[in-house]
Amino acid sequence: MDVSKTFEPDFSQTRRALVEAAKVRAKQYDIYEEFPLLPKLGEHRYVPKSILVTGAAGFIASHVCIRLAKLYPEYRIVGLDKLSYCSDERQVTEPLHSCSNFRFVQMDICNAEKIHALMVEEEIDTVMHLAAQSHVDLSFKEGGPQQFVIDNVLGTTVLLECAKKVRRFVHCSTDEVYGEGSFSERIDFDETAPLRPNNPYSASKAGADLMVQSFYKSFGMPLVITRGNNVYGPHQFYEKVVPKFIAQLSSDRAVTIHGSGGTTRNFLHVQDTASAFDAILHCGEVGEAYNIGGKNEKTVLDVAADLLLVMGLDQDFEKLVQYVPDRAHNDACYPITNAKLCALGWQEQHSWEFGLANTVSYFREQLKSEVRDLSKVLEAHPMHKSSDLQQRSFESLSTTASSMPSSNSSMSLEDCQGLNLEVES
């Protein structure tokens with residue numbers, strides 16, 4: 001859908017008033033102490049004791065860890081991450097530094113021996129699996145499909161093998177497994193829709209999704225699947241559209257629009273997404289899938305215009321929007337229904353305006369102290385690879401190793417650089 005020639009941004013007085021009110025609230029909001037609550041959620045059908053959360057130094061999983069550790073201090077939360085290019089363990093260790101019920105461990109989910117030992121040590125009875133390669137553009141690059149299969153399909157399978165004795169396993173899939181929606185013949189995909197992925201990323205997630213389903217059928221594992229729309233908010237890596245646009249504008253660059261900017265995505269703030277995982281963990285039914293989505297379907301041009309308005313740059317809209325060639329394949333839209341999730345008692349609480357204001361405020365501060373080289377990430381099309389490691393990993397490992405408790409004092413720095421590095425808060 002080519003909208004580049006007809007698009008008119010909404011910079012009306014009504015819109016400006018909404019944005020200004022959202023900015024005021026965002027300044028007063030603490031994402032590490034305030035959370036969307038679930039007053040309509042029924043009695044918890046499932047109560048975990050010790051939860052392993054994968055991808056904990058990434059985006060959504062870091063917020064899931066923070067929410068669970070702070071709202072449920074009686075739970076043990078073990079956050080696990082291999083620390084790839086888009087990870088930063090400080091996103092979870094710093095907000096939870098005073099939470100004795102939280103532990104962070106650096107580990108690759110593909111290492112079955114280490115995973116099994118950790119699950120035994122921590123008496124894990126619940127797994128929330130959010131670790132994944134998720135940037136579609138990188139799945140098109142040479143070597144990308146193989147890396148996505150390794151991390152998303154093989155990694156999920158290893159984790160399933162290690163978790164056969166848990167009481168609950170929540171697997172994070174994606175709405176993209178349903179395939180491309182249509183603007184002209186609108187159908188909102190529900191959880192029974194067939195899986196018809198169109199790119200290597202969504203194909204790898206569909207493969208993982210099907211593997212999870214097979215373990216439910218073959219081994220009777222207590223599995224629940226989530227399939228979510230696009231998520232945005234604090235902690236997201238700069239390759240994704242919202243933080244990328246913020247970083248581009250903050251460095252006096254134009255935002256780069258793939259194609260005509262007419263593709264749409266439905267956006268949900270990460271705290272609302274974390275609350276959905278909370279609801280599904282406690283009230284979701286084993287063997288079921290739940291779509292996680294909001295009410296903010298936006299074109300890429302809508303996102304650009306709204307960010308310009310929040311950042312006070314709307315007067316330069318024409319100058320700050322640059323159209324670039326589209327990626328290899330760009331699905332038009334991913335329409336889903338979240339009725340099944342809402343029936344549990346969940347509801348979206350952060351408005352689009354507040355969510356953007358909160359996200360802009362976070363990244364403006366983050367960019368002041370950002371030490372990672374973002375030059376490759378902020379290009380119109382990514383120049384980094386899915387196999388890249390965390391840029392500051394050696395420095396962080398050295399620092400951590402030198403400050404480890406005495407019980408680990410016999411470990412060498414070489415050992416700490418492997419999969420058994422632990423950062424305990």
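Results, tabulated for the structure shown:
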| item | result |
| --- | --- |
| Simple spin-label estimate for residue 252 and residue 164 in nanometres, 7 Å along Cα-Cβ | 6.1 |
| The chain: relative contact order as a whole-number percent, Cα under 8 Å and 6+ apart | 24 |
| The chain, helix-only ellipticity at 222 nm - DSSP H runs n ≥ 4, -39,500 (n - 2.57), divided by all residues, nearest 500 | -10500 deg cm²/dmol |
| Estimated FRET transfer efficiency (residue 113, residue 376; beta-carbon r; R0 41 Å; 0.05) | 0.75 |
| Extension gain from residue 196 to residue 387, taking 0.36 nm per residue of separation minus the Cα-Cα distance | 66.2 nm |
| Check: segment 13-424 dipole with +1 on Lys, Arg Cβ and -1 on Asp, Glu Cβ, in debye | 400 |
| Cβ-based exposure ranking for 307, 195, 80, in which fewest neighbours within 10 Å come first | 195, 307, 80 |
| Listed residues 101, 230, 358, most fluctuating in the chain (Gaussian network, C-alpha, under 10 Å) | 101 |
| Relative contact order (percent, whole number), segment 274-349, Cα cutoff 8 Å, 6+ residue spacing | 59 |
| DSSP beta bridge pairing in the chain, given as percent antiparallel to the nearest 5 | 15 |
| Calculated FRET efficiency for the pair residue 50/residue 288, C-beta based, R₀ 25 Å, to 0.05 | 0.60 |
| Angstrom value of the Kirkwood radius, inverse mean 1/r, which spans all Cα pairs in the chain | 22.0 |
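No lab work stands behind these numbers, since they all come straight from the coordinates. Owing to the predicted nature of the structure, the values given are computational and were not obtained by experimental measurement. Virtual Cβ from ideal backbone geometry, glycine too; neighbours counted across all protein chains shown.
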